[in-house]
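Undergrad: Have a look at this one.
The values are calculated or read from the model by the stated rules, or taken from the named source; none is laboratory data. The structure presented is a predicted model; accordingly, all values stated were derived computationally and were not measured. Note: ideal-geometry Cβ built from the backbone for every residue, glycine included; neighbour counts use all protein chains shown.
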Amino acid sequence: MRTLVLNAGYEPLAVVSFRRALVLVMNEKATIIERVEDEPVLAARGAYDRPAVIILTRYVRLPNSRRVPVTRRGVLRRDGFHCAYCGGHAATIDHVLPRSRGGADTWENLVACCQRCNNKKGDRTPQEMSWDLQVVPRPPHGPQWMVRGVERTDPRWEPYLALAA
């Protein structure tokens, strides 16, 4: 079970384990906004509410220009695990402009790709293969990309993630 952490301005910051969230609440650094009903945390000193969403008691400012780091997992997630060339299931990533030709590891140069297309393309560009990209590679945006660990959301988080959008 995971917990969404908000700053005092109701901006999503991170997703943490319920244990970490409970420690923050018990140390009075956060308060529970949403709890998981009928699933208390049992301890030696009693039962505690299992937090689904907590808010920090002190304001934590979010920097405006938070860039999303480029990762293999992020590229696959951004493209919905679909190959940018054939539309099949993607398990790898591909440099549109190969690294050997100066292609960088950027959101604009990386796409999700299936193993077959990746091997077939090799060290060439899509133009040399007469292939068209089915997606335009762009940096991702939105609160689900700014908050660590929000790949799988809990329905109780939706109102708070929508506020950040």
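Undergrad: Give the residue, chosen from 48, 10, 85, that is closer than 30 Å to residue 105 by Cβ and surrounded by 12 or more Cβ atoms within 10 Å (Cβ to Cβ).
TA: Sole residue among the options that is closer than 30 Å to residue 105 by Cβ and surrounded by 12 or more Cβ atoms within 10 Å (Cβ to Cβ): 85.
Undergrad: Residue 107 passes all but one of (1) over 14 Å from residue 136 (Cβ atoms); (2) under 18 Å from the mean Cα position of the chain (by Cα); which number fails?
TA: (1)
Undergrad: Could you tell me whether residue 93 is at pLDDT 95 or above, out of contact with any Phe, Trp or Tyr (no Cβ under 9 Å at 6 or more places or on another chain) and in a strand (DSSP E or B)?
TA: Considered against the rule, which asks whether it is at pLDDT 95 or above, out of contact with any Phe, Trp or Tyr (no Cβ under 9 Å at 6 or more places or on another chain) and in a strand (DSSP E or B), residue 93 comes out as yes.
Undergrad: Sticking with this structure for a sec: Could you give me the residue pairs with C-beta distances under 7 Å whose first residue belongs to the range 115-128 and is touching a residue at least 24 places away in the same chain (Cβ under 8 Å), whose second residue is assigned to a helix (DSSP H, G or I) wherever it lies, and which are 6+ apart or on separate chains?
TA: 121/129; 123/100
Undergrad: Take residue 19 and tell me if it is among the charged types (D, E, K, R) and touching a Pro at 6+ places or on another chain (Cβ under 7 Å).
TA: no
Undergrad: Return the only residue of 73, 61 being within 28 Å of residue 3 (Cα to Cα) and either modelled with pLDDT of 80 or more or of a type in the set (S, T, N, Q) (or both).
TA: Only one candidate qualifies: 73.
Undergrad: Among the residues of the range 122-131, is any assigned to a helix (DSSP H, G or I) and either at pLDDT below 75 or touching a helix residue (DSSP H, G or I) at 6+ places or on another chain (Cβ under 7 Å) (or both)?
TA: Start the filter on the range 122-131 by keeping residues that are assigned to a helix (DSSP H, G or I), which leaves 126-129.
Adding the requirement that they be either at pLDDT below 75 or touching a helix residue (DSSP H, G or I) at 6+ places or on another chain (Cβ under 7 Å) (or both) leaves 129.
The answer is yes, given that some residue of the range 122-131 is assigned to a helix (DSSP H, G or I) and either at pLDDT below 75 or touching a helix residue (DSSP H, G or I) at 6+ places or on another chain (Cβ under 7 Å) (or both).
Undergrad: Now for a different question. In the list 35, 99, 19, which residue meets the criterion of being touching a Lys or Arg at 6+ places or on another chain (Cβ under 8 Å) and either in the same structural domain as residue 156 (by TED's automatic domain parsing) or at pLDDT 90 or above (or both)?
TA: Among 35, 99, 19, only 35 is touching a Lys or Arg at 6+ places or on another chain (Cβ under 8 Å) and either in the same structural domain as residue 156 (by TED's automatic domain parsing) or at pLDDT 90 or above (or both).
Undergrad: I would also like to ask the following. Within the range 96-114, how many residues turn out to be free of Cβ contacts under 8 Å to residues at least 24 places away in the same chain and in a loop (DSSP other than H, G, I, E, B)?
TA: 3
Undergrad: Consider the range 95-119. How many of its residues are among the charged types (D, E, K, R) and over 19 Å from residue 68 (Cβ atoms)?
TA: So the count comes out to 3.
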